[in-house]
Amino acid sequence: MDYFFYCRDKAGTGDLRKQVVEQHWSFMDGFEPAMTARGPTLGADGKPTGSMHIVDLPDRAAADHFAYGEPYAKAGVYDEIFFHRWNNALGGTMWTFAGDRDAPKFLIFATGKPGMTETRHGLLEAHRAYFRDNGYLEKFVFRGPLQSDDGVEWLGSAMAIQLPDRAAVDAMLAAEPYVRAGLYDRVEIHPWRFGGRQ
């Protein structure tokens, strides 16, 4: 089962991140066949502000090991580690994405308000149609719901999309059915780029 991880950097740990980067890459190399996507979120200065990974893992215990056994986490780079089970709605990976690798991309992850699973089910077709009918599908690197460990409860959404700027992301989300219905408690949007050894 896939798990979505977002790890937010502590302020002032940029030098520490650089010191540990080779250990981080080596750790991730062992999971590469199981990965859907990986890469850092970026600040206005283009420097990393966090790390995102989507990895196929057997269970929650394996997800805990991945999250807290990873070298950046062990070295103290991260201020917050967020992860949930995730479902790959598009079926592809960042390596099969047909868009421009170097064009601007944004990571969007949103935590749902409690008790919204049934409401979300009722809006699912409208949600899918919105992205399809407005030309967004081919712009997604990945997209899918965050879920409880048993896969029953909807907990939010995580996606990455290629769009020209933050204003275009805001415009997309403003009219999206889940957003308009108030399903989300919090929505985060971060500039993001493909990660791994370049």
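The values are calculated or read from the model by the stated rules, or taken from the named source; none is laboratory data. Computed from a prediction, not measured in an experiment: that's the story for all the values here. As a convention, Cβ positions derive from the backbone with ideal geometry for all residues, glycine included, and neighbour counts pool all protein chains shown. Areas reflect the complete protein model, heavy atoms only, side chains present, ligands, DNA and RNA absent. Shrake-Rupley method; radii C 1.70, N 1.55, O 1.52, S 1.80 Å.
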Mind listing just one residue for me: the one in segment 96-152 that is basic (Lys, Arg) and assigned to a helix (DSSP H, G or I) and, of those, farthest from Val179 (Cα to Cα)? Lys139
Going through segment 1-22 one residue at a time, which ones are under 17 Å from Pro191 (Cβ atoms) and assigned to a helix (DSSP H, G or I)? Gly14, Arg17
Please find, among Tyr184, Tyr136, Tyr130, the residue that is of a type in the set (Ser, Thr, Tyr) and either touching a strand residue (DSSP E or B) at 6+ places or on another chain (Cβ under 6 Å) or open to solvent by less than 20 Å² (accessible area, probe 1.4 Å) (or both). Tyr184
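Table: residues versus (1) touching a Phe, Trp or Tyr at 6+ places or on another chain (Cβ under 6 Å); (2) closer than 25 Å to Met172 by Cβ.
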| residue | (1), (2) |
| --- | --- |
| Lys10 | no, no |
| Asp15 | no, no |
| Phe27 | no, no |
| Gly30 | no, no |
| Ala37 | yes, yes |
| Ala44 | no, yes |
| Pro71 | yes, no |
| Pro104 | no, yes |
Restricted to segment 33-58, and to residues that are open to solvent by 50 Å² or more (accessible area, probe 1.4 Å), within 21 Å of Arg143 (Cα to Cα) and not in a strand (DSSP E or B), which residue is modelled with the highest pLDDT? Pro58
Scan segment 72-90 and report the pairs whose first residue is free of Cβ contacts under 8 Å to residues at least 60 places away in the same chain and at negative phi and whose second residue is among the polar types (S, T, N, Q) and surrounded by fewer than 16 Cβ atoms within 10 Å (Cβ to Cβ), with Cβ atoms within less than 9 Å and a gap of 6+ or a chain change. Lys74/Gln23; Ala75/Gln19; Ala75/Gln23
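Rundown of residues vs (1) open to solvent by 10 Å² or more (accessible area, probe 1.4 Å); (2) more than 24 Å from Leu57 (Cβ to Cβ); (3) within 11 Å of the chain's Cα centre (by Cα); (4) in contact (Cβ under 8 Å) with a residue 12 or more places away in the chain, yes/no style:
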position: Gly151; (1), (2), (3), (4): yes, no, no, yes
position: Leu155; (1), (2), (3), (4): yes, no, no, yes
position: Ala158; (1), (2), (3), (4): no, no, yes, yes
position: Val169; (1), (2), (3), (4): no, yes, no, yes
position: Ala174; (1), (2), (3), (4): yes, yes, no, no
position: Pro177; (1), (2), (3), (4): yes, yes, no, yes
Pick from segment 23-32, criterion assigned to a helix (DSSP H, G or I) and out of contact with any Pro (no Cβ under 7 Å at 6 or more places or on another chain), ranking: surrounded by the most Cβ atoms within 10 Å (Cβ to Cβ): Met28
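Being open to solvent by less than 70 Å² (accessible area, probe 1.4 Å), of a type outside the set (Gly, Ala, Ser), touching a His at 6+ places or on another chain (Cβ under 7 Å) and within 23 Å of Asp150 (Cα to Cα): is that true of Phe5 here?
Working: open to solvent by less than 70 Å² (accessible area, probe 1.4 Å): yes; of a type outside the set (Gly, Ala, Ser): yes; touching a His at 6+ places or on another chain (Cβ under 7 Å): yes; within 23 Å of Asp150 (Cα to Cα): yes.
So Phe5 fits the description; yes.
Has segment 25-37 got at least one residue that is farther than 20 Å from Trp95 by Cβ and not aromatic (Phe, Trp, Tyr)? Don't jump to the end; show me each part of the working.
If we filter segment 25-37 for residues that are farther than 20 Å from Trp95 by Cβ, which is where we start, we get none.
No, there is no match, as no residue in segment 25-37 is farther than 20 Å from Trp95 by Cβ and not aromatic (Phe, Trp, Tyr).
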Per the filter on segment 95-111, residues surrounded by fewer than 21 Cβ atoms within 10 Å (Cβ to Cβ) and over 12 Å from Ala158 (Cβ atoms) are Trp95, Thr96, Phe97, Ala98, Gly99, Asp100, Arg101, Asp102, Ala103, Pro104
